[in-house]
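This report refers to the structure that appears directly beneath it.
The values are calculated or read from the model by the stated rules, or taken from the named source; none is laboratory data. Just so we're clear, the structure is a prediction, and the values are computed from it rather than from any experiment. Methodologically, a virtual Cβ is constructed for each residue, glycine included, from the backbone with ideal geometry; neighbour enumeration extends over all protein chains shown. The protein model used for the area step is the full one, side chains on, heavy atoms only, and it has no ligands, DNA or RNA in it. Shrake-Rupley method; radii C 1.70, N 1.55, O 1.52, S 1.80 Å.
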Amino acid sequence: MAAASRERNRLNEDRVRKATNALLKWKKKKSLLSNSNGGDDEEEGEESDDFIYLSITLKKVPPRNLTLAPHRILLRHPLLSQDYSSLNICLIVDGKRITAESAQKILVGQGIPYVKQVLKLSKVKSDYNSFESKRNLYDSFDVFLADRRVVDLLPKVLGRVFYKKRKKIPVAVELGGGGGWKEEIERACKSSLLCLSSGSCSAVRVGRNAMKAEEIVENVFDAVDGVAGIVPKKWGGIKCLHLKFCDSLALPLYAEE
């Protein structure tokens, strides 16, 4: 715990709070201006994005094995609803070790009604093979979860509809044959995904415009702890950290001295 505390002290809490408040103030002003102009300030066809991102610059390009799959980072405050019953979740299973039918029985037995549909991998391949069908699937659910054993196969199956903007990449869950699904699924719903790029810069979502500033600040610290635990050399591999909306300036949080 003492070591973890020392590492967290590298990030100045007051700086994080000031950056968060500045971004929320900027977003509110931008929204008011856009509304007064009838939305003309928004680019035509631009998909709305109210997420706040922690931008990470590493000293070196990460090894390839760390870029192959997203890394789950647990946050104190979920980026979606804290009321899981309001979420619309789709779970993808392998269909062999865990069938759609057996998964449904476990979900009912453990009281997990917010998983609205279970799809086996072969059905995703056969029923959602066109761009339009993948887009319809993407739009039908708030969150996608997938048995860890099929996660590596999904980029090829689901394609750029899911992976280009990285907003609904299926979150890996460790599904045993019996209990523990509820806790695992709820942890997944409170997690953000770090997709390390093949370059030195990556980003992870840490907040939304509608969240309280203090919740975002706490999520930033959680995310930084998570990132430092994944990248090579931990904090020693991080060059700098910034906070931003996708369309805002990046505000500095940390730079190696």
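Points to keep in mind about this one:
- Oblate is the label for the stretch 67-130, because a/c, from the alpha-carbon gyration tensor with a ≥ b ≥ c as root eigenvalues, is 1.5 or above and a/b does not exceed b/c.
- Rounded percent of accessible protein surface that carbon and sulfur make up, the chain, 1.4 Å probe: 50
- 0 to 90° range, to nearest 10: angle between helix 100-109 axis and the chain longest Cα axis: 70
- Alpha-carbon Rg with Dmax, taken over the stretch 127-226, Å: 15.2, 43
- Rounded to the nearest 20 debye, the dipole magnitude of the chain is 800 debye, with +1 charges on Lys and Arg beta carbons, -1 on Asp and Glu beta carbons, and the Cα centre as origin.
- Counting only Cα atoms, the stretch 209-257 measures 34, 21, 17 Å along its principal axes, largest extent leading.
- Distance between the stretch 47-99 and the stretch 206-226 - C-alpha centres, whole angstrom: 15
- The residues packed around GLU132, meaning those with a beta-carbon under 14 Å from its beta-carbon, carry a net charge of +1 if Lys and Arg are +1 and Asp and Glu are -1.
- By average C-beta atoms within 10 angstrom, highest first, the peptides 101-108, 215-222: 215-222, 101-108
- Charged side chains reduced to their Cβ positions (Lys and Arg at +1, Asp and Glu at -1) give the stretch 16-150 a dipole of some 1060 debye around its Cα centre.
- Net dipole in debye of the stretch 140-195 [+1 Lys, Arg Cβ; -1 Asp, Glu Cβ; about Cα centre; nearest 20]: 440
- Extension reserve of the ARG135-GLU184 stretch, reckoned as 0.36 nm per residue once the Cα distance is removed: 14.9 nm
- Put a dot 7 Å past the Cα of GLU256, heading toward its Cβ, do the same for VAL61, and the two dots end up 1.8 nm apart.
- The stretch 83-188: C-alpha gyration tensor shape, a/c 1.5 cut-off, then a/b vs b/c: prolate
- In order through the stretch 182-199: 3J(HN,Hα) via Karplus (6.51 cos²θ - 1.76 cosθ + 1.60), integer Hz, x for Gly, Pro: 4, 4, 5, 5, 5, 5, 5, 5, 9, 9, 10, 9, 9, 9, 5, 7, 7, x
- If you wrap the Cα atoms of the chain in a convex hull and average its projected area over all directions, you get 15.2 nm².
- Gain upon complete extension [CYS240, LYS105; 0.36 nm per residue less C-alpha separation]: 43.9 nm
- With a Förster radius of 22 Å applied to the C-beta separation of LEU74 and SER197, the computed FRET efficiency comes to 0.55.
- SER86-LYS27 pseudo-label distance in nm [points 7 Å out on the Cα-to-Cβ vector]: 1.6
- Positive minus negative residues near GLU174 (Lys, Arg vs Asp, Glu; Cβ under 9 Å): -1
- Spin-label model distance (nm) - GLU13 vs ALA213, 7 Å beyond Cα toward Cβ: 1.5
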